[in-house]
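What follows draws every value from the coordinates through simple rules; no lab data is involved. Computed from a predicted structure; not experimentally measured. Cβ atoms come from the backbone with ideal geometry, glycine included; neighbour counts cover every protein chain shown.
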Amino acid sequence: MDQHIAEAIGRPDLIRLDDRLICLRFESMKVASALAAVRHLLDTGVVRRGDTLLDSSSGIYAHALALACHRHGMRCHIVGSTTVDHTLRVQLALLGATLEQMEPCSDLKLDQKRRVERIHEILAEHPEYHWMRQYHDDIHYLGYRAVAEQIRRSTGEERLTIVGGVGSGASTGALARYLREDSPDVGLVGVQPFGSVTFGAEHVADPEIIIAGIGSSIPFGNVGHASYDTLHWISFDAALAGSVDLLRRHAVFAGLSTGAGYLAARWERSRAPERTVLFIAADTGHRYVDSVYARHREAAAVDSLAPLPVTSPAELALPWSRMCWNRAAGAEPVSARQCDQPHFVGGDHELDPVPGAQLGEQP
């Protein structure tokens, strides 16, 4: 029996949508990483019960950290994006978290920059606060070991490809790392929005939106580039089509990043008939009722969509591009070789160690 609601929220469900397509569905994915990170900090004596944990968030991580602090008797201080909505503000208040929300801003890069500046101001005023550095500290990998073990138990000997948003690198990178301990040929497909700097798409703007949570306008320190075999850049419109189809076809009501992951997963499954493809549903669809699901009549048929194959970030184009990354450690892929068949070469690569956070890095 769970001792706190956070433990239940952080544990995902595995749903087999067909014989080779699995959905790893979270109510709120970052709860798993926040819980494990806070527990580790307490166990190692870095923080004590009653200390204040600090971080910046556009919403989901704020809720996750507030829950973890509630579970372990910590104080929580969040510098929130303009995107934090009323529902979350009320929950944070009742959970005892302090929220400083940025003034409205249409430029997400400027919003992140202002949050970074405020984090440093707070640390100067309160050096006793512990900065969680969700975008830089690989402590946030720890919570996904149990998820990887759950996947391994449920899928057995199936050859797996994991598909999910890159984001800070913690969820997809961690799952690949832990699953590859036993099965080095586990494939990892990262999903990015156009405009994200992480894999060099900052020069291509999506006229609708940068999909929050799977990309960034600033560099993230805990993305292990060498973990990824293939990348998909997916626009808002294409992700909307994926989200709508996922609900219609499989009754899974999930967020916009899940629609993007589902679209990429369907494509990868079609290219590798010997593999089972598992995609991550990081959160539910409630935040997207008006912006996505109410526009279901605008959704393109997913079977009519296909990615543009590219060999360099310079070739990226809306609405959907796909590139073989080949577990390259830097900002460019190792080569432009095909990654369709064989799909992944697995054991020919070493795992990329995730860079740890350094003092003074930006969130």
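Quick look at the values:
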| item | result |
| --- | --- |
| Sequence of ARG180, ARG152 once ranked by neighbouring C-beta atoms within 10 Å, starting from the fewest | ARG152, ARG180 |
| Formal net charge of residues neighbouring ALA239 (Cβ-Cβ distance under 14 Å; K, R +1; D, E -1) | -3 |
| For segment 153-289, share of DSSP beta bridges that run antiparallel, in % to the nearest 5 | 5 percent |
| Ranking of VAL84, VAL147 by count of other Cβ atoms within 10 Å, fewest first | VAL84, VAL147 |
| Distance in nm between pseudo-label sites at GLU27 and ALA294 (7 Å out along the Cβ direction from Cα) | 2.6 nm |
| Counted charge near LEU65, where neighbours are those whose Cβ lies closer than 9 Å (Asp, Glu -1; Lys, Arg +1) | 0 |
| Segment 31-138: relative contact order as a whole-number percent, Cα under 8 Å and 6+ apart | 29 percent |
| Theoretical ellipticity at 222 nm over the chain - DSSP helices of four or more residues, -39500 (n - 2.57) apiece, nearest 500 | -9500 deg cm²/dmol |
| Highest-first arrangement of 282-288, 245-251, where packing means the average Cβ count within 10 Å | 282-288, 245-251 |
| Where Rh is the Kirkwood radius over Cα pairs, Rg/Rh for the chain | 0.94 |
| Among beta bridges that DSSP assigns inside the chain, antiparallel share in %, nearest 5 | 25 percent |
| Rounded to 5, the percent of DSSP beta bridges in segment 26-182 classed as antiparallel | 0 percent |
| Rg(Cα) / (2.2 N^0.38 Å) computed for segment 1-115, rounded to two decimals | 1.19 |
| Estimated distance in nm for a label pair at CYS105 and THR284, the labels positioned 7 Å out from Cα along Cα-to-Cβ | 3.1 nm |
| Residue order, fewest to most surrounding Cβ atoms within 10 angstrom, among PHE194, PHE253, PHE199, PHE279 | PHE253, PHE199, PHE194, PHE279 |
